[in-house]
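Throughout, read-outs are computed from the coordinates displayed, never taken from laboratory work. None of the values given here were measured: they were computed from a predicted structure. Cβ sites come from the backbone with ideal geometry, for glycine too, and all protein chains shown count toward neighbours.
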Amino acid sequence: MNLDFTQILPSIPYILKGIGVTLQIVLIAGILGFAFSILLALFKISSIKLLSWFADAYTSVFRGTPLVLQLMLIYFGSPQIFGFQIEPYAAAILAFSLNSAAYISEIIRAGIQAVDKGQREAAMALGIPYRKMMSNIILPQAMKNIFPALMNEFITLTKESAIVTTIGVTDIMRRAYIVGGEKFSFFEPLLIAGLIYYLLVISLTFIGKTVERRMRRSD
């Protein structure tokens, strides 16, 4: 083994700057994906066949193909399809939000269907409109039940965000790769990148468990 971390130490601040890029992509994509997933989940339980078919087909396509393929189709295929090049940062957010929506919609659908049917029947008996029933009664209860699964999806999204290096986004992984190319030594900077991702995941896990405990106390 011929490891020399001393030559990488001056480049660590440069690699650490990628944390902001990674978190921005993950947060924005997570919020957009979550919003779209609620709509998809409602489509899936809808009595309108066209809406449920669309939601099921969408989920099937995005869960059945690799995320890196979806990212490359959006980025490298945009000039051919749309006539202009989508910026790497925007392409990453779009790909991650569309992909996460497919997975989260299944989680939300399961959470909605897990809510006691009596809640819905009581709301309908009281004449509460469907939109208010979902937003004020059903969805809040479902969110409490599925929060751990949502947090796991967010953690997975954080780790999978490393693939944006394939389209040139200067995230943690890309910066580590650049440092490795400059120093002609890739193991050390990539190991540092791995440590950063590990600490991010540990932090997110701790935050998730803290929020989950507080939600349980509020019941």
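What you get for the chain, charging only the Cβ of Lys and Arg (+1) and of Asp and Glu (-1), is a dipole of about 740 debye around the Cα centre.
Sorted from fewest to most neighbouring beta carbons within 10 Å, what does the list 63, 120, 216, 175 look like?
Listed from fewest to most nearby Cβ atoms, that is 216, 63, 120, 175.
Considering the zone a paramagnetic label at residue 183 would reach in this model (a point 7 Å from Cα along the Cα-to-Cβ line), which residues of the range 1-25 have amide N under 19 Å from it? Within reach of a label on residue 183: 1-19. Applying the criteria of a DSSP loop state and at most 13 other Cβ atoms within 10 Å to the chymotrypsin sites (Phe, Trp or Tyr not before Pro) of the range 186-219 yields 186.
Of all the Cα-Cα pairs you can form in the chain, what percent are over 31 Å apart? Display every interim value, and only then the final one.
Numbers: 8161 of 23871 pairs.
More than 31 Å apart: 34 percent of the Cα pairs in the chain.
Could you list, in their original order, any pairs among 49/117; 132/209; 49/159; 49/209; 159/183 whose Cα atoms are separated by more than 27 Å? Result: 132/209; 49/159; 49/209 exceed 27 Å. So which helices of the chain fit the span-like rule, where a helix is a whole DSSP H run, its Cα atoms reach 15 Å or more along the axis, and its mean Kyte-Doolittle is at least -0.5? Membrane-span-like by this criterion, though nothing is claimed about a membrane: 18-44, 49-64, 67-82, 88-114, 139-160, 172-183, 187-217. Between 61, 164, 201, the residue with the greatest mean-square fluctuation in the GNM of the chain (Cα pairs under 10 Å linked by springs) is 61.
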